1. Debye sum, Cα scatterers, the stretch 75-178, no solvent: what log₁₀ I/I(0) at q = 0.19, 0.22 1/Å?
2. List the GluC sites (Glu not before Pro) within the stretch 38-139 that DSSP assigns to loop and that have no more than 12 neighbouring Cβ atoms inside 10 Å.
3. Return the whole-Å distance between the Cα centroid of the stretch 113-189 and the Cα centroid of the stretch 16-46.
4. Just to be sure I understand: if I project the alpha-carbon convex hull of the stretch 149-189 onto a plane and average over all orientations, what area do I get in nm²?
5. For the pairs K25/K186; K10/K128; K91/K170; K6/K109, flag any whose C-alpha to C-alpha distance is greater than 20 Å.
6. So how exposed is K149, as accessible area in Å² (1.4 Å probe, rounded to 10)?
7. For the stretch 101-171, what % of the accessible area comes from carbon and sulfur atoms, probe 1.4 Å?
8. Report the percentage of all Cα-Cα pairs in the stretch 54-136 whose separation exceeds 20 Å, rounded to a whole percent.
Amino acid sequence: MISTMKKTIKHLKDAITGEFNAINKYKKYAEVAEQESLPNIARIFRALVEGENVHLNNHKRALKLNNIDFEPEIEEIQIGTTMENLKESLKGETYEFEDMYPGFIKNMKSELNNEDAQVAELSFEWAKEVEMTHAETLQAAIDQLNSGKDFSVAKIWVCRVCGNLVIDEKPTDVCPVCKHDVVFYKEVE
């Protein structure tokens, strides 16, 4: 099975590494935002940690279907001001939804007759869609910080199935990305 799933396995390992390092980076960025008296932006970074953790676990489950355990390589984290961290995060999230995940999905199409590859594709599709909501949230935070304000947000919700972020109003029906019931949304403190 592994020889027929080479692309999928490689892409899962790359995605796991990317999500793992994003989690570590966003944790540090949240600390910087707290130090700069930007508690809502810190909360956004904590919400991103939760969303990326969902992606990481989904990708790991897809890889485990192939009986593969994998430990990602830890990358060095460059920390700047909150504005610099927001811009760097936006750049990373945009790359993921515009290039990385679409490229993975396109590149593994020949393997999609395998059910395990289909699980990986679903994990990639969800992550791609969610990274777009992450980027939109980061852009909104950048815009507000440019005007000298912390991000104005009452509540932040994260879907524990796909990692989608919803600002202020908890969805009332189903998650717009994974279509799971809203009981899977968790508020980020």
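1. -1.03, -1.18
2. On the way: sites: E50, E52, E73, E75, E76, E84, E88, E93, E96, E98, E111, E115, E121, E125, E129, E131, E136; in loops: E73, E75, E76.
Within the stretch 38-139, the qualifying GluC sites (Glu not before Pro) (loop, at most 12 other Cβ atoms within 10 Å) are E73, E76.
3. With the stretch 113-189 and the stretch 16-46 each reduced to a Cα centre, they are spaced 16 Å.
4. Values: hull surface 11.6 nm².
Result: a mean projected hull area of 2.9 nm².
5. Pairs exceeding the cut-off: K25/K186; K91/K170.
6. Probe radius 1.4 Å; accessible area of K149 about 120 Å².
7. Working: 1560 of 3150 Å².
Heavy-atom surface of the stretch 101-171 belonging to carbon and sulfur, 1.4 Å probe: 49 percent.
8. Numbers: 1483 of 3403 pairs.
Summing the P(r) tail past 20 Å for the stretch 54-136 gives 44 percent.
The values are calculated or read from the model by the stated rules, or taken from the named source; none is laboratory data. Remember, it's a predicted structure, so these values are computed and weren't measured experimentally. FYI the Cβ positions are ideal-geometry reconstructions off the backbone, even for glycines, and counts take in every protein chain you see. These area figures cover heavy atoms from the full protein model, side chains too; ligands, DNA and RNA do not enter into them. Shrake-Rupley method; radii C 1.70, N 1.55, O 1.52, S 1.80 Å.
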